[in-house]
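One structure below.
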Amino acid sequence: MKNIYTLVCILIFALVACEKEQKPTNELEAKVSNLLSKMTLDEKIGQLNLRGTSSRVKGKLSDSLKQAVRDGKIGAFLNVNNTEYVDELQRIAVEESPNNIPLIFARDVIHGYKTIFPIPLGMAASWDAKVAENSSRVAAVEGASFGIRWTFAPMLDIARDSRWGRIAESPGEDPFLAANLSKAYVKGFQGDSLNDPTSMIACAKHFIGYGAAIGGRDYNTAVISDAQLHNIYLPPFKSAVDAGSQTFMTAFNEMNGIPASGDRRLLTNILREGFGFDGFVVSDWESTEEMIPHGFATDLKHAAEISLNAGLNMEMTSKAFEIHTKELLEEGKITEDQINSLVADILRVKLRMGLFEKPYRVDKSDNLYADAHLQMAKEAAIKSSVLLKNENNILPLNNKTNIAVIGPLADKPREQLGTWSFDGDGKFTKTPINAFQSSTVNYNFVEGLAYSRDKSTKDFSKAIAAAKQSDVILFIGGEEAILSGEAHSRSNINLPGAQEQLIKELAKTGKPIVLVIMAGRPITVGNIIDDVAAILMTWHPGTMGGPAIHDMVFGIAEPSGRLPVTWPKVAGQLPLFYNHKNTGRPVIPEEFVQMDSIPIGAWQSSLGNTSHYLDIGYLPQYPFGYGLGYTTFEYSDLVLSSDTLSKNEELTVKVTVKNTGKREGSDVAQLYVQDVVGRITRPVRELKGYKSVTLKPNETKEITFTLSLDDLKYYDNQSVYGVEKGTFNVWVGQHSATGKMAKFSYE
Ligand code: BGC
């Protein structure tokens, strides 16, 4: 009896809870339908248009643009970076357009609005969701005060090729790490409530495969198998939907012959039907029209037909929808129901944002560059910096050390902000030189090269003279901001200009060199690695890069980033990623014969060689997950709760970590799994968990991970999701090429 009573109570509770959950959704959908029923076809088509404000006349908004808003012919704007225009356009939309539908204002607020955080690849190196969330929250608070309530971020393209300029914007090469960051970014941008005036709706982009551009050449074709699509490229996007991202952006590229902006399987079957996404999808800049040069649409009208039928809601800047939707409807190539559904997705988001009640921006510009924002940006720069080399523990330096600061990026406020930092003001940026100026350290600054691509040796002698007077050379170089980002792929990713040459000259002084790199991608350092004692990768560290570098160099803070991408020795190894397949001839290190060791006139044979390059071998410069700190750690006692895993059970994986160095420090304990035999071949390792641990000298801590069957499941070529019985290897350690190992089986 008691049990029945409990059951009834649970049922009633569930019904009430369900009712509560259903109500707002139903109310929302009723509002959407009500609005739709009042809109003319022209207004509906208007909602599908995302426009810029290029039609300005003498610093004013043109009458024709204002009229278009008044007529309800524009749904959203991008890059209206003028608050007067934002206010005026919104006023016209909500007061004078037929159904008073508010506009949304969008912009690329990628890694900060005014306070610029490290580039996203750097943020990924923090392996810290809170750091990522803070960065996007700060960006939203600052940007929303200018009326920007929609950001074109996060960029979630898995990138395995450092030649690609947009790797700078990506979360790196790993789907597990990227999926965690994706959630954090969306949460930060959108805040606790979409209708809060500081909430910016997120846009998961670029859907999909943009990072798989062949050869790392921007916009290039992507060829992605179904298994790769589901196992590698989709997880961060699925995670964005689960976190509530209100919008998606299609990619410029084609995948397997179909440009993303015209791919119905992607936009409708996978995104809406599969992931349950109910927001709206915007094209990338003219990517609908670009289906013509892709060779997929015959003309603009055909492009509109393909994109509308694929399920694309909004067109960025090109006008295929605006010009041709009506005609397509008349010809029966699309239906009014389809248009209604595409418009409903946009209205739903506008309603959720509370724009109908509160359409106007709330000015919180006193928040710009707020102290708390700057502190978070500094923390992010420290947490994303990766210490790659530290011979004889040269870092941290003693603050009495006599330092020669040399290099083209030591004092370049604009360059250290990196790509997509339109609004970050160089005046507020703190360079390393600014930070050194406001500290008591002993330094002498000679640039040596005026910019990162500078090939002139005219100032070398001054730099060498300064080096000779010093105890240590701090060389701050890398890439200017313009060398990475959209359409800025490079085929050679060494330090550009005469930087290597200058480093070699400086090395001749016999003074140790600490190389600090600011760049949008891993930089191949093979030519100079033996000339420098330490390498600290800071990516493009943002507004507070200087103070962060100062604190790390002098040991006030510890660089705690870990590589989110495999760091190649030479560009010729690319694409290079840790979660590759084994091949039938995996590397046998002892049998590797380097090119120079092959006897002259040797008979054609494999020489026992396996899958590698004769000249450079098979190893990267630094593996995925790698990063040093100012102390050392030891991993021991990897213990599994069982050597078998059964359905509905969890396996506990424990490991003991000890700080074996002399100062407190942090490490990222990483758990990798290998499914030894699968129904399709499986990667040699896959990241399935990570935890940050901070320990005092000699302190030990047991870290616990759990694994369930869901962590082992994967998609095969028929898109079947599951896992078969068999043996699994598991490692826990400091990066993807090391770790304590154990085995278990799924039975
Ligand atoms: C980029 C997008 C960006 C858009 C709007 C395009 O060129 O690919 O990532 O959001 O421009 O600026």
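The values are calculated or read from the model by the stated rules, or taken from the named source; none is laboratory data. The structure displayed is predicted, hence computed values, not measured ones. Don't worry about glycine lacking a Cβ; one is built from the backbone with ideal geometry, like all the others, and counts go over all protein chains shown. Each accessible area value is taken on the protein alone, full model and side chains, heavy atoms only, with ligands, DNA and RNA left out. Shrake-Rupley method; radii C 1.70, N 1.55, O 1.52, S 1.80 Å.
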Of the conditions (1) within 15 Å of the ligand (Cβ to nearest atom); (2) open to solvent by 10 Å² or more (accessible area, probe 1.4 Å); (3) not in a loop (DSSP other than H, G, I, E, B), the single one that Ile306 does not satisfy is (1)
Looking at the stretch 512-557 only, could you name the residues that are surrounded by fewer than 19 Cβ atoms within 10 Å (Cβ to Cβ) and either among the charged types (D, E, K, R) or outside any loop (DSSP other than H, G, I, E, B) (or both)? Ile529, Asp530, Asp531
Test: Asn79 is away from the ligand (no atom under 14 Å from the Cβ), open to solvent by 10 Å² or more (accessible area, probe 1.4 Å) and of a type in the set (S, T, N, Q): no
Any hit, the stretch 41-50, residues being farther than 24 Å from Trp285 by Cα, free of Cβ contacts under 8 Å to residues at least 40 places away in the same chain and surrounded by fewer than 20 Cβ atoms within 10 Å (Cβ to Cβ): no
Kindly list the number of the only condition in (1) of a type outside the set (A, V, I, L, M); (2) touching a Lys or Arg at 6+ places or on another chain (Cβ under 6 Å); (3) modelled with pLDDT of 95 or more that fails for Tyr451. (2)
With the first residue restricted to the stretch 223-249 and required to be surrounded by fewer than 22 Cβ atoms within 10 Å (Cβ to Cβ), and the second required to be part of a helix (DSSP H, G or I), Cβ contacts under 6 Å at 6 or more apart or on different chains are Ile224/Ala212; Pro235/Pro175; Pro235/Ala179; Ala243/Lys183; Ala243/Val186; Ala243/Lys187
Please give the strands (runs of 3 or more DSSP E) falling wholly within the stretch 388-480 in which 2 or more residues are more than 30 Å from Pro623 (Cβ to Cβ). 402-406, 442-446
Enumeration of residues in the stretch 413-431 that are among the hydrophobic types (A, V, I, L, M, F, W, C) and open to solvent by 90 Å² or more (accessible area, probe 1.4 Å): Phe422, Phe428
Pairs under 8 Å by beta carbon, first residue touching a residue at least 24 places away in the same chain (Cβ under 8 Å) in the stretch 180-191, partner acidic (Asp, Glu), six or more apart or different chains? Lys183/Asp242; Ala184/Glu133; Tyr185/Glu133; Lys187/Glu133; Gly188/Glu133
Taking the stretch 495-526 and the residues there that are of a type in the set (S, T, N, Q) and under 21 Å from Asp459 (Cα atoms), the one that is nearest to the chain's Cα centre (by Cα) would be Gln499
Applying the selection to the stretch 647-678, what residues are over 31 Å from the mean Cα position of the chain (by Cα) and open to solvent by 40 Å² or more (accessible area, probe 1.4 Å)? Lys647, Asn648, Glu649, Lys658, Thr660, Lys662, Arg663, Val677
Counted residues, the stretch 61-76 - those being assigned to a helix (DSSP H, G or I) and buried (at least 21 other Cβ atoms within 10 Å of the Cβ): 2
Could you list, in sequence order, all residues of the stretch 231-278 that are more than 21 Å from the chain's Cα centre (by Cα) and not in a helix (DSSP H, G or I)? Asn256, Gly257, Ile258, Pro259, Asp263, Gly276, Asp278
Those residues that are farther than 21 Å from Gln47 by Cα and buried (at least 16 other Cβ atoms within 10 Å of the Cβ), I need them from the stretch 272-287; list them, please. Gly274, Phe275
In the stretch 347-370, the residues that are under 26 Å from the mean Cα position of the chain (by Cα), aliphatic (A, V, I, L, M) and either part of a helix (DSSP H, G or I) or crowded, with 17+ Cβ neighbours inside 10 Å (or both): Val349, Met353, Leu368
If I ask for residues that are small (Gly, Ala, Ser), within 14 Å of the ligand (Cβ to nearest atom) and part of a loop (DSSP other than H, G, I, E, B), which ones from the stretch 188-230 would you list? Ala202, Gly209, Ala213
What pairs come out if I take residues in the stretch 134-152 that are over 14 Å from Tyr360 (Cα atoms) and of a type in the set (Val, Ile, Thr) and pair them with residues that are more than 16 Å from the ligand (Cβ to nearest atom) and not in a strand (DSSP E or B) whose C-beta lies under 7 Å away, six or more apart or interchain? Val138/Thr115; Val138/His373; Val138/Met376; Val141/Thr198; Val141/Lys364; Val141/Asn367
Mind counting the residues in the stretch 149-180 that are within 14 Å of the ligand (Cβ to nearest atom), under 10 Å from the mean Cα position of the chain (by Cα) and of a type in the set (A, V, I, L, M, F, W, C)? 6
Among Glu379, Glu327, which is open to solvent by 20 Å² or more (accessible area, probe 1.4 Å), touching a helix residue (DSSP H, G or I) at 6+ places or on another chain (Cβ under 9 Å) and under 30 Å from Ser126 (Cα atoms)? Glu379
Can you find even one residue in the stretch 3-22 that is at pLDDT below 65, within 17 Å of Arg348 (Cβ to Cβ) and open to solvent by 80 Å² or more (accessible area, probe 1.4 Å)? yes
Residues that are assigned to a strand (DSSP E or B), charged (D, E, K, R) and out of contact with any Phe, Trp or Tyr (no Cβ under 9 Å at 6 or more places or on another chain), drawn from the stretch 701-747: Lys701, Glu702
Which is assigned to a loop (DSSP other than H, G, I, E, B), open to solvent by less than 60 Å² (accessible area, probe 1.4 Å) and over 19 Å from Tyr635 (Cα atoms), of Pro697, Pro683? Pro683
Suppose we filter Ile529, Ile549, Ile523 for residues that are out of contact with any Asp or Glu (no Cβ under 8 Å at 6 or more places or on another chain) and closer than 30 Å to Ser182 by Cα; which single one remains? Ile549
When the stretch 105-125 is examined, which residues are found to be farther than 23 Å from Lys427 by Cα and either among the charged types (D, E, K, R) or open to solvent by 10 Å² or more (accessible area, probe 1.4 Å) (or both)? Phe105
Within the group Tyr630, Tyr622, Tyr635, which residue is among the aromatic types (Phe, Trp, Tyr), buried (at least 22 other Cβ atoms within 10 Å of the Cβ) and in contact (Cβ under 8 Å) with a residue 24 or more places away in the chain? Tyr622
What about Gly572, is it in a loop (DSSP other than H, G, I, E, B) and open to solvent by 20 Å² or more (accessible area, probe 1.4 Å)? no
For the stretch 87-104, which positions are open to solvent by less than 20 Å² (accessible area, probe 1.4 Å) and either assigned to a loop (DSSP other than H, G, I, E, B) or modelled with pLDDT under 95 (or both)? Ser97, Ile101, Pro102, Leu103
Filter result (away from the ligand (no atom under 16 Å from the Cβ) and not charged (D, E, K, R)) within the stretch 96-121: Ser97, Pro98, Asn99, Asn100, Ile101, Pro102, Leu103, Thr115, Ile116, Phe117, Pro118
